[in-house]
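Peer 1: Got a structure for you, written out below as structure tokens; questions coming shortly.
The values are calculated or read from the model by the stated rules, or taken from the named source; none is laboratory data. What you see is a predicted model, and the numbers here were worked out from it, not measured in a lab. Glycine also receives a Cβ, built like all others from the backbone with ideal geometry; neighbour counts cover every protein chain displayed.
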Amino acid sequence: MTAKTVPVATFDLVIFGGTGDLALRKLLPGLFRRYADGQIPEDSRIIGVARDSLSDDDYRARVSQALAPVVESEPGLQPRLAPFLLRLGYHALDATRDEGWQAFADELQAQGERIRVFYLSTSPGLFVDLCTRLKAHGLNGGQSRVVIEKPIGKDSGSAARINDAVGSVFSEGQTFRIDHYLGKETVQNLMALRFANILFEPLWNSNYIDHVQITVAETVGLEKRAGYYDTSGALRDMVQNHLLQLLCMVAMESPAAMEADAVRDEKLKVLRSLRPIDAGDASQLTVRGQYRAGASNGGAVPGYLDELSRLEPGRTESRTETFVALKAEVDNWRWAGVPFYLRTGKRLAERVSEIVIAFRPVPHSIFEHGAGPVVANKLVLRLQPDEGVKLWLMIKDPGPGGLRLQHVPLDMSFAEAFGVHQPEAYERLLMDVVRGNPTLFMRRDEVEAAWKWIDPILAAWETLRESPKPYTAGSWGPGAAVALIERDGRTWHEEAG
Ligand code: BG6
């Protein structure tokens with residue numbers, strides 16, 4: 001079975017930071033797949049921009065190398081590679097100097113009015129210069145869109161400054177703030193599950209839901225990102241954006257329509273209902289961790305500080321957290337008293353991202369002791385790997401010999417059920433930008449509301465000055481994260497159920 005694709009209108013997409021990691025690892029492979037699938041019209045252009053002086057052919061060679069693993073894993077895409085590479089061009093530009101910008105603008109404008117997407121895959125420090133130059137050369141017109149990537153700031157103040165700067169050139173309607181978690185298939189499925197079925201809504205509240213868990217566990221470590229990651233840490237890198245967006249998707253009320261502002265209004269209400277965590281309760285409600293040497297993906301791996309000192313010789317100390325667990329509460333009628341336990345970390349035991357809706361137990365068991373315990377239902381949405389949904393139910397153990405109960409999942413793995421390639425988050429999101437559909441992008445007020453909740457936690461950690469708790473690479477994080485949930489008489493979900 002093949003997924004249906006509707007071609008988008010012809011466009012020019014400019015990737016600032018076109019030789020960078022994100023462009024080569026995510027954006028260009030995503031665009032290639034969409035092209036191979038027939039969704040990108042032949043006369044569209046993709047233009048890489050960076051400071052290095054490269055010819056179009058040099059750039060195509062780099063991109064071709066970056067696409068080799070995609071073609072290797074799906075040989076059927078091979079014939080589409082050469083025509084895709086012909087869609088690519090390159091411009092050497094420096095965001096801070098005027099040189100070359102006029103020629104670049106002339107080349108874009110030579111095609112007349114068409115959709116233009118400017119993807120700022122650079123450090124946020126360059127956003128102001130880039131936007132100002134785009135405006136100076138008349139490239140911010142009606143069909144232009146700008147895409148910005150996180151980090152959108154380090155706190156509310158810096159986020160507001162970035163938003164002001166971009167907003168002085170592009171209108172809110174032209175600004176697409178990407179959170180790639182919103183492009184993941186299961187996250188959108190959560191909307192379908194909640195709002196296209198009658199089954200869940202009556203149960204989706206504190207009367208029937210005991211608690212919610214959101215886990216985003218990674219096995220990778222610092223990678224090559226010391227400069228960024230060590231000044232960020234897991235709370236800013238993952239919780240402020242990805243985990244809070246997932247929380248919003250679980251907790252929001254039904255929007256009146258699947259329209260961008262209707263959806264984003266509902267998410268904003270959730271963010272504004274989060275109970276603040278400050279120095280008074282941060283030690284109770286949050287856990288920070290940092291990995292030590294251990295084993296991951298079958299091999300020995302160094303600790304965070306060792307990795308850091310290899311990447312930045314002389315650095316031997318850091319209090320940056322590579323793991324966070326926290327207990328959040330949404331103070332509104334629907335969710336009062338239902339904790340949302342969030343955890344994320346690097347170098348954990350497995351790469352797994354999932355949302356667990358843990359229902360309350362039945363009020364009374366009619367079954368005899370020998371039937372075994374009646375375990376509460378759970379709905380588990382797996383974002384990665386093996387996207388799918390499992391609804392854990394109690395059933396009778398099949399066969400003769402008395403009535404014994406079993407806790408088993410009704411299991412829907414998307415790959416098995418539909419047999420189609422699940423698009424990568426960036427594939428969908430890039431096409432949404434071209435279509436001008438901002439539903440799965442963050443509005444300015446959402447980003448700022450998320451920071452407003454994060455700011456006091458960062459301030460509390462600053463005040464408390466506690467070092468992050470060590471955990472062994474390849475484990476599930478510091479023991480304190482287990483204690484955080486066990487104190488409430490609950491446990492982190494494990495696949496064995
Ligand atoms: C990014 C973070 O936003 O998300 C990275 O900056 C993290 O630190 C990545 O590794 C995880 O994304 P995914 O899609 O691999 O879960």
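Peer 1: Can you spot a residue in the range 150-160 that is more than 15 Å from C248 (Cβ to Cβ), more than 16 Å from the ligand (Cβ to nearest atom), in contact (Cβ under 8 Å) with a residue 12 or more places away in the chain and of a type in the set (V, I, T)?
Peer 2: Looking for residues that are more than 15 Å from C248 (Cβ to Cβ), more than 16 Å from the ligand (Cβ to nearest atom), in contact (Cβ under 8 Å) with a residue 12 or more places away in the chain and of a type in the set (V, I, T), one finds none in the range 150-160, hence no.
Peer 1: A follow-up question, please. Residue pairs, Cβ under 6 Å, 6 or more apart or interchain, first in the range 239-262 and more than 30 Å from G289 (Cα to Cα) and of a type outside the set (A, V, I, L, M, F, W, C), second in a helix (DSSP H, G or I) and more than 16 Å from the ligand (Cβ to nearest atom). List them.
Peer 2: E253/E266; S254/F195; P255/A262; P255/V263; P255/E266
Peer 1: Limited to the range 345-359, what total is found for residues that are in contact with a helix residue (DSSP H, G or I) (Cβ under 8 Å, 6 or more places away or on another chain) and surrounded by fewer than 22 Cβ atoms within 10 Å (Cβ to Cβ)?
Peer 2: Residues flagged as in contact with a helix residue (DSSP H, G or I) (Cβ under 8 Å, 6 or more places away or on another chain) and surrounded by fewer than 22 Cβ atoms within 10 Å (Cβ to Cβ) within the range 345-359 amount to 1.
Table: residues versus (1) assigned to a helix (DSSP H, G or I); (2) surrounded by fewer than 20 Cβ atoms within 10 Å (Cβ to Cβ); (3) among the acidic types (D, E); (4) modelled with pLDDT of 95 or more.
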position	(1), (2), (3), (4)
M1	no, yes, no, no
L27	yes, no, no, yes
L31	yes, no, no, yes
I40	no, no, no, yes
I47	no, no, no, yes
D58	yes, yes, yes, yes
V63	yes, no, no, yes
P83	yes, yes, no, yes
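Peer 1: What are the residues in the range 447-497 that are over 29 Å from A160 (Cα atoms) and assigned to a helix (DSSP H, G or I), if any?
Peer 2: G479, A480, A481, V482, A483, L484, I485, E486
Peer 1: Still on this model: Of all residues in the range 241-277, count the ones that are within 21 Å of V352 (Cβ to Cβ) and either within 12 Å of the ligand (Cβ to nearest atom) or assigned to a loop (DSSP other than H, G, I, E, B) (or both).
Peer 2: Residues that pass the stated criteria total 5.
Peer 1: In addition: Looking at (1) in a loop (DSSP other than H, G, I, E, B); (2) at pLDDT 95 or above; (3) away from the ligand (no atom under 12 Å from the Cβ), can you tell me which one L199 breaks?
Peer 2: Status for L199: all satisfied but (2).
Peer 1: Which numbered condition trips up V433, out of (1) touching a residue at least 24 places away in the same chain (Cβ under 8 Å); (2) away from the ligand (no atom under 16 Å from the Cβ); (3) assigned to a strand (DSSP E or B)?
Peer 2: Going through (1) touching a residue at least 24 places away in the same chain (Cβ under 8 Å); (2) away from the ligand (no atom under 16 Å from the Cβ); (3) assigned to a strand (DSSP E or B) one by one, V433 breaks only (3).
Peer 1: Could you run through the range 104-129 and say how many residues are without any contact (Cβ under 8 Å) to a residue 12 or more places away in the chain and assigned to a helix (DSSP H, G or I)?
Peer 2: 2
Peer 1: Given the criteria at negative phi and surrounded by fewer than 18 Cβ atoms within 10 Å (Cβ to Cβ), does E368 qualify?
Peer 2: Yes; evaluated as a whole, the condition is true for this residue.
Peer 1: Taking strands (runs of 3 or more DSSP E) that fall entirely within the range 290-379, which contain at least 2 residues that are closer than 30 Å to Q406 by Cα, in contact with a His (Cβ under 9 Å, 6 or more places away or on another chain) and within 16 Å of the ligand (Cβ to nearest atom)?
Peer 2: Ranges flagged: 352-359.
Peer 1: Next question, about the same structure. Are any residues in the range 168-202 over 15 Å from L244 (Cα atoms) and either in contact with a Cys (Cβ under 9 Å, 6 or more places away or on another chain) or among the aromatic types (F, W, Y) (or both), and if so, which ones?
Peer 2: Answer for the range 168-202, where residues must be over 15 Å from L244 (Cα atoms) and either in contact with a Cys (Cβ under 9 Å, 6 or more places away or on another chain) or among the aromatic types (F, W, Y) (or both): S168, V169, F170, F176, F195, F200.
Peer 1: Another question, if that's okay. Determine whether the range 231-238 contains at least one residue that is within 16 Å of the ligand (Cβ to nearest atom), at positive phi and free of Cβ contacts under 8 Å to residues at least 40 places away in the same chain.
Peer 2: no
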